[in-house]
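Beneath this line is the structure, given in structure tokens, with notes to follow.
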Amino acid sequence: MTLMLDVGYLPKHALFVSAVERGFFEAEGIDLTVMPGSGSTNTVTSVDAGKVDAGWADFGATIISQGQGADVKQVNLLQARSAYAVVALADTGISSWKDLRGKTVATEGAGAMTAMWPFAMSKLGFKEGDVNVVHASSGSKIPGLLAGQWDANLALYVSDQPAIDALDRQAVVLKWSELGIDLYGNGIVVSNEKLRADPAQVKRFNRAMQKGYLWACGHPAEAAHDFQKEVSGFKDRTIILAINEQCSLTWGEGASASKFGVMDDAGAQEMLDVAHQFLGLSPDSDLTTASVYSNDYLEPLQRDETIQTP
């Protein structure tokens, strides 16, 4: 099988690499190849087109793609909480949300986070113009921040905080969850054709993914070592930081909070509502919670389960 990530290899992806390295997929009879991605929307498109078997993608991007005709479904929620944040450098005048007034924040030109920024502004009681937003490429956001071209980045903190740490700088992370914006994050997406053709393989994939992911959360140093064997250039502390931040998003709240990977209608509907209001999902869309996700291919692990390597 093939799994496409959301973006190119970053320390936050150490959990996937380690799950393969430690034999969790092999134990399920799966020879898994983990591939870099180029944005969640492109990952979902690749899954829909049958170019890859599964993808790790932002749930908002998945819903928008579904609304545009992608015949896919999210079948394993690995991020029950949102990784959206504003990331600044320490000791540069930003230490809380109120410090953003009058500052310049860089964002990439498209994507769910950019589209939802007015929602965050409304939660802060800010009006348009209180924060200056500039557009930058993905590769220029951190260099521009370091150079003082802007004051902060709209970012996934599981990506940008470790990247700043790798440069021996300290980050200030303002999490959107602090504003009450705590939506479902990234999960595993497969095509409905795959679900019809080989549901048993999807179940085995999910079983391996759940065990391998949680094992890596419990053994960040070992998982970091596994990642370093595949992707060079990152320090131990940076990878471990990314793993720990990633794993802090594993467990959500509400009825399904104690079952890893499980989604519920309330969480899915919240994202559907946000997609209608901010992400351009057509008012005429017939998407329902049942059409965007399924727990039928999961044997969810509990918070207190002990995972052993195969």
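Here is how the numbers come out for the structure above:
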read-out	value
Residue in the range 192-214 that is on the phi > 0 side of the Ramachandran plot and of a type outside the set (Ser, Thr, Tyr) present	no
Boolean, residue 204 is open to solvent by 50 Å² or more (accessible area, probe 1.4 Å) and in contact with a Gly (Cβ under 7 Å, 6 or more places away or on another chain)	yes
Pairs with Cβ under 8 Å, 6+ apart, first in the range 285-310 and closer than 22 Å to residue 200 by Cβ, second in a loop (DSSP other than H, G, I, E, B) and open to solvent by 70 Å² or more (accessible area, probe 1.4 Å)	310/22
Any chance residue 154 is open to solvent by 30 Å² or more (accessible area, probe 1.4 Å), closer than 22 Å to residue 169 by Cβ and not acidic (Asp, Glu)	no
Residue within the range 199-206 that is modelled with pLDDT of 95 or more and among the β-branched types (Val, Ile, Thr) present	yes
Yes/no for residue 83 being among the aliphatic types (A, V, I, L, M) and either buried (at least 17 other Cβ atoms within 10 Å of the Cβ) or under 30 Å from residue 283 (Cβ atoms) (or both)	yes
Residue match in the range 68-77 (condition: modelled with pLDDT under 95, of a type in the set (A, V, I, L, M, F, W, C), open to solvent by less than 40 Å² (accessible area, probe 1.4 Å) and in contact with a Ser or Thr (Cβ under 6 Å, 6 or more places away or on another chain))	no
Filter result for residue 7 (in a helix (DSSP H, G or I), under 25 Å from residue 237 (Cβ atoms) and open to solvent by 30 Å² or more (accessible area, probe 1.4 Å))	no
Leading residue by the ranking (surrounded by the most Cβ atoms within 10 Å (Cβ to Cβ)) among those in the range 277-310 that are touching a helix residue (DSSP H, G or I) at 6+ places or on another chain (Cβ under 6 Å) and in a helix (DSSP H, G or I)	292
Index of the failed condition, residue 142 passing every other in (1) in contact (Cβ under 8 Å) with a residue 12 or more places away in the chain; (2) surrounded by fewer than 19 Cβ atoms within 10 Å (Cβ to Cβ)	(2)
Single unsatisfied condition, residue 274 versus (1) more than 22 Å from residue 191 (Cβ to Cβ); (2) free of Cβ contacts under 8 Å to residues at least 24 places away in the same chain	(2)
Some residue of the range 212-228 being over 29 Å from residue 253 (Cβ atoms) and of a type in the set (Phe, Trp, Tyr)	yes
So residue 139, is it within 20 Å of the chain's Cα centre (by Cα), of a type outside the set (D, E, K, R), at pLDDT 95 or above and outside any loop (DSSP other than H, G, I, E, B)	no
Every residue from the range 57-73 that is outside any helix (DSSP H, G or I) and touching a residue at least 24 places away in the same chain (Cβ under 8 Å)	57, 58, 70, 71, 72, 73
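Every residue, every condition in (1) part of a helix (DSSP H, G or I); (2) open to solvent by 20 Å² or more (accessible area, probe 1.4 Å); (3) more than 30 Å from residue 207 (Cβ to Cβ), yes or no:
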{"residue": "43", "(1), (2), (3)": "yes, no, no"}
{"residue": "47", "(1), (2), (3)": "yes, no, no"}
{"residue": "52", "(1), (2), (3)": "no, no, no"}
{"residue": "55", "(1), (2), (3)": "no, no, no"}
{"residue": "91", "(1), (2), (3)": "no, yes, yes"}
{"residue": "99", "(1), (2), (3)": "yes, yes, yes"}
{"residue": "105", "(1), (2), (3)": "no, no, yes"}
{"residue": "128", "(1), (2), (3)": "no, yes, yes"}
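The values are calculated or read from the model by the stated rules, or taken from the named source; none is laboratory data. Small disclaimer: the values here were computed from a predicted structure and weren't measured. Cβ coordinates were reconstructed from backbone atoms using ideal geometry, including for glycine residues, and neighbour counts include every protein chain displayed. Surface areas here come from the heavy atoms of the whole protein model, side chains and all, with no ligands, DNA or RNA. Shrake-Rupley method; radii C 1.70, N 1.55, O 1.52, S 1.80 Å.
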